Each structure stands twice: as structure tokens, then as C-alpha cells.
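Trainee: Sharing a structure here in C-alpha cells format.
The values are calculated or read from the model by the stated rules, or taken from the named source; none is laboratory data. As the structure is a computational prediction, the values presented were derived from the model and not from experiment. No Cβ is skipped: glycine too gets one built from the backbone with ideal geometry, and neighbour counts run over all protein chains shown. Surface areas here come from the heavy atoms of the whole protein model, side chains and all, with no ligands, DNA or RNA. Shrake-Rupley method; radii C 1.70, N 1.55, O 1.52, S 1.80 Å.
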Protein chains: 2
Amino acid sequence: MIDQIKHAIQDDYPDDFSHCYGCGRLNQEGYHFRTGWDGDKTVTIYTPEPQHTAIPGFVYGGLIASLIDCHGTGSASLALHRKHGHEPGSTQEPPRFVTASLHVDFVKPTPQGQTLKAVGTPEEIHPKKFKIHTEVYAGDIVCAKAEVTAAVMPATFTANK
Amino acid sequence: MIDQIKHAIQDDYPDDFSHCYGCGRLNQEGYHFRTGWDGDKTVTIYTPEPQHTAIPGFVYGGLIASLIDCHGTGSASLALHRKHGHEPGSTQEPPRFVTASLHVDFVKPTPQGQTLKAVGTPEEIHPKKFKIHTEVYAGDIVCAKAEVTAAVMPATFTANK
């Protein structure tokens, strides 16, 4: 499995859509999650900060949910972009998705001090909707299993710009 | 509906369990979510910070998921504590829960600059498990609907102390 994301879809989002606290490269205080392809799987890699604790020694579930959320929208964007014949790092602007629903099963306590990898399988369920099946690994251990349904960002989201 | 939480269950968690990034009063950098009763509903109130954006003008879904997560474990603790005859603010130490699963439907974009209220209905589904049905309001608008399954914290969580 890859250890770093060379070309992330978030690197190519238009500036206006790059302020997300989870994955926006222009959000100074956010997590800067970055999602790319590893074959036909999508991968997001992140090492939680020391303050992201549930109880000391274990990672906060809300941080894991945040990782899965942006991994989901990023994976959907990767999948639709590839369907259109494009890869991240090309000059084409990728589609931007929002999360319609998020489901996380926390199957094991997630240890602190390790790099986490969210590994996703995108499934097209509608021309504008993808379901992303995701597992979050700490080393070889699956700590969370998740499903995100992501939809192409509706016009209402940018109507107040 | 109440506008502030006088007695929150998190105020009474033992110090060792008060480092959660979401709801730990001893986590210097966390959100400090606080959950209390409003009749037979549980309520957590939080105003997102300016950096907690999805795209400018709207709140980041991962922050909403985090609010729902800690609201869920806090609500389960409130419910089991009440079942045992105790209310927050008493001298009794409340039970501490972990999140087994989290499901969020993002039903409307959540506007920035407003105070959010998570309003929950705890349902006992097992002597050590509660399902918390939650709606997140921005003003009068329901922006997210959620279900959290919370379980009494297993011994494995504190085995490495």
C-alpha cells in the first residue's frame, strides 16, 4: 500500500472550494487531508495530533469521522473525474462533492501515535452520487469501517457567494 | 428549548476520562462540548468557530459529526445515570460511554455564524448500550439527523493506562 499521496484530488479543487476545515489546502487551521488513487482504491493518510484524544492513548472518534468524511467526498471526486477521463495532476478541474450521509462503525479502539490510512472503494449509485466503502487502518489493524454517500455539490451551496 | 447547559454530564466525568478532544474539560485545544437534560431530551450547544467551514458560509460536516458523537456518548451517560437515580451535579460519578457506531444524514447545508443545538432522545437497547436519536438545529432548521450507538466503555480502553 502507498505511504504517501503524490497527486491528491484536493490539490486541484478550485480555490473557492479549498477552505474546508478537513481537506482545504487554503484553510490555515484545518487538517489538510489529501486523497489520491492507489490502483482502484482511494487512500487518505493522516497522523493525528497529540490533542486528538478520546481518552489518553486512543484517537478521538470525531477526528476519525472527519477523516472518513473528506476521504469520502475526495474519493467520489476522484471516481467521477476518472470516469470523465481525468486523473489528479492534470489541468482539468475536478468535480466537488458534498456528504449526504456518513456511517461509521468503530470496530476497535484506534491507538494514538500511529499514521492512519483510510482506504476506499467508490461505487457509483447514480450519475451524481457515489457510495464510498472505507476502512481505516492503524498499521495492519482495521479500526473503523464506514460508508459515505457523496453527491455532486448542489447549486444551493454556492448561492450565497 | 434551553439556551445553556447548567449541569453537564461532562463536568462530572472523572479526570482520567476528561481529555476527549470533543468533550473533555481538560483538553486545552478541544471543543468542550457539554451535554445536559432539557426535560427528557438531551441537549448539546455549540457555536462553530470561523475556521470550521465546509465551503465559506457553511459548517464543516466533520465538526457536526464530532458534535453528534460526543452528544451521543454524553446522552447515553446522562440516561444511564438517571436510570441509576442520579442527575449531573450530584456527587455521583457518571458512567463513561464510547461510540460503537455513528450515522449522520446531512439534510440541509448548515449555515455558519449560528449557534447549533444537538437535541437527543436516548433509547436503551441493552443494559450497557443506548441508541441516541439526534437532530441538529441551526435556529429552527434541522440541518442533520443522526443516530449514535454508545456502549459502556470496555476495560480494553483503559488497559494501557
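Trainee: Take region A:21-39 and flag every residue that is touching a residue at least 24 places away in the same chain (Cβ under 8 Å), under 15 Å from residue A:75 (Cα atoms) and not acidic (Asp, Glu).
Mentor: A:22, A:23, A:33, A:34, A:35, A:36, A:37
Trainee: Do the conditions hold for residue A:34, that is, is it within 10 Å of the chain's Cα centre (by Cα), under 21 Å from residue A:148 (Cβ atoms) and of a type in the set (D, E, K, R)?
Mentor: Taking the combined requirement at face value, the residue satisfies it.
Trainee: Anything in region B:99-112 that is closer than 20 Å to residue A:98 by Cα and either open to solvent by 20 Å² or more (accessible area, probe 1.4 Å) or at the interface with another protein chain (Cβ under 7 Å from one of its Cβ atoms) (or both)? List them, or say none.
Mentor: Matches in region B:99-112: B:102, B:103, B:104, B:105, B:106, B:107, B:108, B:109, B:111, B:112.
Trainee: Name the residue, out of B:42, B:73, that is within 9 Å of chain A (Cβ to nearest Cβ) and touching a residue at least 60 places away in the same chain (Cβ under 8 Å).
Mentor: On the way: B:42 fails: within 9 Å of chain A (Cβ to nearest Cβ).
That would be B:73, the only listed residue that is within 9 Å of chain A (Cβ to nearest Cβ) and touching a residue at least 60 places away in the same chain (Cβ under 8 Å).
Trainee: Within the group B:55, B:68, which residue is open to solvent by less than 60 Å² (accessible area, probe 1.4 Å), within 11 Å of chain A (Cβ to nearest Cβ), modelled with pLDDT under 95 and under 24 Å from residue A:27 (Cα atoms)?
Mentor: Only one candidate qualifies: B:55.
Trainee: Do we have any residue at all in region B:79-97 that's of a type in the set (Asp, Glu), more than 9 Å from chain A (Cβ to nearest Cβ) and in contact with a Phe, Trp or Tyr (Cβ under 9 Å, 6 or more places away or on another chain)? Break it down stepwise before answering.
Mentor: Just the residues of region B:79-97 that are of a type in the set (Asp, Glu), to begin with: B:87, B:93.
Filter once more, so that each one left must be more than 9 Å from chain A (Cβ to nearest Cβ): B:87, B:93.
After this cut, where a residue has to be in contact with a Phe, Trp or Tyr (Cβ under 9 Å, 6 or more places away or on another chain) as well, the list is B:87, B:93.
So far as region B:79-97 goes, yes, one or more of its residues are of a type in the set (Asp, Glu), more than 9 Å from chain A (Cβ to nearest Cβ) and in contact with a Phe, Trp or Tyr (Cβ under 9 Å, 6 or more places away or on another chain).
Trainee: Continuing with the same structure: In region A:140-161, what residues are within 10 Å of chain B (Cβ to nearest Cβ) and either closer than 30 Å to residue A:56 by Cβ or at pLDDT 95 or above (or both)?
Mentor: A:144, A:145, A:146, A:147, A:148, A:149, A:151
Trainee: Considering only residues that are surrounded by fewer than 24 Cβ atoms within 10 Å (Cβ to Cβ) and either closer than 16 Å to residue A:152 by Cβ or among the charged types (D, E, K, R) (or both), which ones fall in region A:1-12?
Mentor: A:3, A:6, A:11, A:12
Trainee: Can I ask one more? Identify, please: which residue in region B:113-132 is away from chain A (no Cβ under 14 Å) and open to solvent by 70 Å² or more (accessible area, probe 1.4 Å) and is, among those, farthest from residue A:147 (Cα to Cα)?
Mentor: Once the filter is applied, the top-ranked residue is B:127.
Trainee: Quickly run through region A:22-51 and pick out the residues that are open to solvent by less than 40 Å² (accessible area, probe 1.4 Å) and small (Gly, Ala, Ser).
Mentor: A:22, A:24, A:30, A:36
Trainee: Right, something else. For region A:28-46, what are the residues that are part of a loop (DSSP other than H, G, I, E, B) and within 17 Å of residue B:62 (Cβ to Cβ)?
Mentor: Taking region A:28-46 and keeping what is part of a loop (DSSP other than H, G, I, E, B), we get A:28-34, A:39-40.
Across region A:28-46, the qualifying residues are A:28, A:29, A:30, A:31, A:32, A:33, A:34.
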